[in-house]
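Taking it in order: structure first as structure tokens, then the write-up.
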Amino acid sequence: MSKGKKLALLLGLIPFVTLVFALPLVNRLYPVILGLPFLLFWILLWVALTPLFLWAAYHLEKKDAQDESEGGSR
Amino acid sequence: MTLALIIILGFIVVASLLGVVAGSRIKMNLENWTVGGRRFGVIIIWLLMAGEIYTTFTFLGASGWAYSKGAPTFYILIYGALAYTLSFFILPPLWRVGKKYGLHTQPDFFLHRYQSRTLGVLVALIGVFSIIPYLQLQLTGLGLIVEVASQGAIKSHWAIFFSFLLTSLFVYTSGIRGTAWVSVLKDIMMLAAVGIVGFGVPAIYFGGFGKMFQVILEQKPTHLIFPGSTSHMGVFWVMSTVLLTGLGFYMWPHVFGSVFSAKSDKVIKRNAIIMPLYQLPILLVIAVGLTAFLVLPDLKNGDLAFLALVEKTYPSWFLGFVGAAGAVTAMVPASVLVLFASTLLSKNVYQSIINPRASEATVMRLSRMLLLIITGLALVFAIFFPNELVNLLILGYDGVCQFFPGVVFGLFWKKVRKESILAGLVAGLGVVMILILSGHDPFWGLNAGFVGLIVNLAVTLLAVSLNSRWSGREALAEAN
């Protein structure tokens, strides 16, 4: 597997770590941030960031594919 | 009062007409009917998938859970983000396989990849059995919404009959293209309703989101962390449930099938990137449920929290608009559900085992006939036995999740063969059925479907290793 693909997969793992495995650590009310209890703030934060990770993964994979096709034409 | 009535009926009729018009200029064949000729771009795919996801359950359920259970409702925010992340990696290769071999449905994939008719038919039948209670839920949800929103002027069973008849009409004429067009109207209405009420009610009663949360923190803080106001939906229940629903989400036959209607694998990838944004309006739905928790503490049916609060706060014509949005929201997923249930039966059961020589035109005709039959049956169930199928719905979700190993290994691991997948699938389903029917869900705090999936994976992997050892020996024996 190419480096870009590996990095893309790692980016894809972030929501699983923050939104599943970290839950026992963030199941709390305080501190209240932006008026939201901490648990809800945490969840919303990572849900809202997910498109950014996927967008980055998209560009990593795209760059990879371009490098490959350039390499092939040489 | 009459204005609300006109608004509800008007939107239902307009939505259906839109669906009929969508396919009117296209010559219908199976390819156009089920996968829209594989021509949908990013925006239509986004609206279509959002249309399938944002169902009556999201509307009534997310606010109802926020009202009666509290924090466990946050699982809806989480599992969507997981499902879309997963889809970014899994669906583009799936789309490519579908394009290359002209696949239309989920059993098509199993049939093609594992060269096993048994597996194809089994997947089709599990799919149909899972779809029917899901369809049922949309219909009863629709009836409930319209009856409440029209303040009793339209009785639930008439609402179900009228709107579902129109739904099957546009599916009959336009197939998935009809669904996609109606989704556009539905999404606009839904976002308007959710936006107005979601920002509105916390501001009207408490002066804003933050202040509303502050009041709950003072009065009943435990409502806002797991397990909320429930006894069994603790943090481990949430973890296993979001994993199961996140992994299983794209395993629903109708969502799986919609992937093939995209124009390219790039469209699917870009769609995965923007899908999580659609989770954010759910926060507004949850906020409405929480506001109702403070303002209307004595509701008998928590699922009516959203509508009850709208009724208390806004004029009746607006309640009618919310009801119309809710009705169209039920019609969109209902339309894809019947579409795929009938195609699975005609293509993957009838053509696959009963009459392999049936032409595509025959399969198409049969699909349309089955569409009418399934519509009729679903109507009978929804009107006369509205509560019989609720338990089956849980079984349905846990059931389709068991397709996960077959799909993912099928795409990324060449070595895996039909025997392993079949063994895992049967084992996983068996465990789920035993746990649910014997009343052991949740099992040690874990979701029963999740336990089934673990067993399924273990059996599949075990079978793969046995299988490759056998084929290794055979090769050795042949070499000697």
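Bear in mind that the values in this text are calculations on the coordinates, not laboratory data. Because the structure is predicted, anything quoted here is derived from the model rather than measured. Note that each Cβ is placed from the backbone with ideal geometry, even for glycine, and that neighbours are counted across all protein chains shown.
Worth a mention:
- 3J(HN,Hα) couplings calculated from phi for the range B:83-97 with the Karplus curve 6.51 cos²θ - 1.76 cosθ + 1.60 (θ = phi - 60°) are, in sequence order, 4, 5, 4, 4, 5, 4, 8, 8, 6, x, x, 4, 4, 4, 4 Hz; Gly and Pro show x.
- Residue mean of other protein chain beta carbons inside 10 Å, B:76-83: 5
- Helix axis angle, B:2-22 relative to chain B longest principal axis, alpha carbon, degrees: 30
- Sites B:Ile188 and B:Leu296 - FRET efficiency at Förster radius 25 Å, r taken between beta-carbons, to 0.05: 0.35
- Residue order, fewest to most surrounding Cβ atoms within 10 angstrom, among B:Ile421, B:Ile188: B:Ile188, B:Ile421
- Working from label points 7 Å from Cα in the Cα-to-Cβ sense, the B:Ile353 to B:Trp317 distance is 5.7 nm.
- Model label zone, B:Tyr101; criterion: amide N under 20 Å from point 7 Å along Cα-to-beta-carbon; scope the range B:307-346: B:343-346
- Tensor-based shape of chain B (alpha-carbon gyration tensor, a/c under 1.5 rounded, otherwise prolate or oblate): oblate
- The distance separating the Cα centre of the range B:59-99 from that of the range B:232-247 comes to 12 Å.
- Alpha-carbon centroid distance for the pair the range B:304-337 / the range B:183-226, whole angstrom: 16
- Options A:Leu10, B:Leu379, A:Leu29, ranked by Cα towards positive dipole end of the protein assembly as shown, top entry (Cβ charges): A:Leu10
- Likely footprinting exposure, B:Ser342, B:Ser183, fewest C-beta neighbours within 10 Å first: B:Ser342, B:Ser183
- Label-point separation, B:Ala153 to B:Lys27 (7 Å along Cα→Cβ), nm: 4.6
- Amide H to amide H, with H built 1.01 Å from N, B:Phe443 comes under 5 Å of B:Ala448, counting only residues 5 or more places away or on other chains.
- Average partner coverage of A:43-52, which counts Cβ from other chains inside 10 Å: 6
- For the segment B:411-422, counting C-beta atoms of other chains within 10 Å of every residue's C-beta and taking the mean gives 0.
- C-alpha center-to-center spacing [the range B:260-293, the range B:4-51] in angstrom: 19
- Karplus-derived 3J(HN,Hα), 6.51/-1.76/1.60, for each residue of the range B:228-240, Hz, glycine and proline x: x, 9, 10, 9, 10, 9, x, 5, 6, 4, 4, 4, 5
- Here the 3J(HN,Hα) profile of the range A:54-66, calculated from phi with Karplus coefficients 6.51, -1.76 and 1.60 at θ = phi - 60°, is 5, 5, 5, 4, 4, 6, 4, 5, 5, 4, 4, 5, 5 Hz, Gly and Pro shown as x.
- Theoretical FRET efficiency, 1/(1+(r/R0)^6), r = Cβ-Cβ of B:Lys220 and B:Leu372, R0 51 Å, to 0.05: 0.55
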